[in-house]
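Step one of this worksheet: look at the structure below.
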Amino acid sequence: MKRKTFLRSAAAAASIAAVAALTACGGGGDTGAAAGDGGGGDTISIGFSQVGAESGWRAANTKSIQDTLTAENGFELSFSDAQQKQENQIQAIRSYIAQGMDVIAFSPVVETGWDAVLQEAKNAGIPVILTDRAVDTEDDSLYESFIGSDFVLEGERAGQWVAENFDGQGLKMVELQGTTGSAPAIDRKEGFAKAVEGTDIELIDSQTGDFTRAGGKQVMEGFLNSHDQIDLVFAHNDDMGLGAIEAIEAAGLTPGEDIKIVTIDAVKDGMQALADGKINYIVECNPMLGEDLAEVAKKVVAGEEVEKRIVVEDAEFTQEQAAEALPTREY
Ligand code: AHR
């Protein structure tokens, strides 16, 4: 996977070595049958708390993790689906702590409210790796590494394309936001707004569709009922954009023509709609995080230095580029 890494920290390496020493001698709160061997032997036990199954992107991300953290690759994976609820993730993390996992990894549904449970993991000597979404904390010693895309940049790239193609036309835009309080919803909104600042594109409504197709459809139906003119939709993910397409078609309008649509993710269904002319532009969010997670988990358990932030690189697609990429598209 293409990626950028930065922010190595000696303090982080020292604390990782301490964790490795703890787990290697059977410490780290190792109380459960699912626990691995502390990294000294072949198998690393890893508990992964996934956000949910809200989107095509999430399905691809789950597959990447499950396909990589396999027994053949040296892992014993315990996987849980939080159904988009923070309390379920906290419960899962506590259970992984109680089982004495070698490593805990999770994709936080929202940004805030993690300090207490992360401190519990730290007290138990269990290293935590964040994937996909960030946490908002003053204390970055509570996790070892964060692997994922730059969501502000994704929003900015979507906004730049819109500004380059539509500024000067007085377009009225609606926004389908992701899950309230989640890193991608906060960051993509910020990046997009920054990129269209100073243009004549007017944001007339913005609501959350919770990153789901059903949510995107429902919110778009509401927008179409309450606004006489909508020229452009910015959806924080493909699934909400695909839901918006259903609402637009049901209203007798042509998506991609009467109402332009820009989304983020570039999963197969989104790319197909782009190639079909129903979406106008997509910025990719790469879901294939399994390999990086496996590499970082192995290093952490071995007491090696890891990068505090691993930024996954994303592409972007026009309608023509989507048609070209689709036949070999992995997700
Ligand atoms: O956190 C990544 C986002 O979560 C994806 O863009 C979206 O599809 C998913 O639900």
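Each reported figure results from applying straightforward, stated rules to the coordinates on display, with no laboratory input. Here the structure is a predicted model, which is why all the values come from computation and not from measurement. Virtual Cβ from ideal backbone geometry, glycine too; neighbours counted across all protein chains shown.
Tell me, what does the Kirkwood hydrodynamic radius of region 272-331 come to in angstroms if you use every pair of distinct C-alpha atoms? Provide the component values of the computation, followed by the final result.
Details: mean 1/r = 0.0723 Å⁻¹.
Across region 272-331, the inverse of the average 1/r is 13.8 Å.
Between region 169-211 and region 220-245, what's the alpha-carbon centroid distance in Å?
Centre-to-centre distance over Cα atoms comes out at 12 Å.
Report the Rg/Rh value for region 177-239, based on alpha-carbon coordinates and the Kirkwood definition of Rh.
0.96
Equivalent ellipsoid semi-axes for region 151-285, as square roots of 5 times the alpha carbon gyration tensor eigenvalues: give them largest first, rounded to whole Å. Present the calculation step by step, with values, prior to reporting the outcome.
Details: eigenvalues 67, 57, 43 Å².
Ellipsoid semi-axes (Å, largest first): 18, 17, 15.
Between Asp81 and Glu249, what FRET efficiency follows from the Cβ-Cβ distance if R0 is 35 Å, with the result rounded to 0.05?
Working: r = 31 Å, r/R0 = 0.89.
For R0 = 35 Å, the calculated efficiency reads 0.65.
Alpha carbon centre of region 82-134 versus region 259-331: separation in Å?
Between the Cα centres of region 82-134 and region 259-331 lies a distance of 24 Å.
With an 8 Å Cα cut-off and a minimum separation of 6 or more residues, compute the relative contact order for the chain in percent.
Working: 774 pairs, mean separation 72.5, N = 331.
Computed value for the chain: 22 percent relative contact order.
Report, to the nearest 10°, how far helix 56-68 tilts away from the longest principal axis of the Cα atoms in the chain, using its own Cα long axis and a range of 0 to 90°.
Around 30 degrees separate the two axes.
Given the C-alpha atoms of region 58-108, compute the convex hull and give its volume per residue in Å³.
69 Å³
Sort all Cα-Cα distances of the chain into consecutive 10 angstrom bins from zero, then give the percent of pairs in each bin up to the one containing the longest distance.
Histogramming the chain at 10 Å steps yields 6, 26, 31, 20, 12, 5, 0 percent.
So what's the net charge close to Glu221: Lys and Arg +1, Asp and Glu -1, counting the other residues with Cβ under 14 Å from its Cβ?
-1
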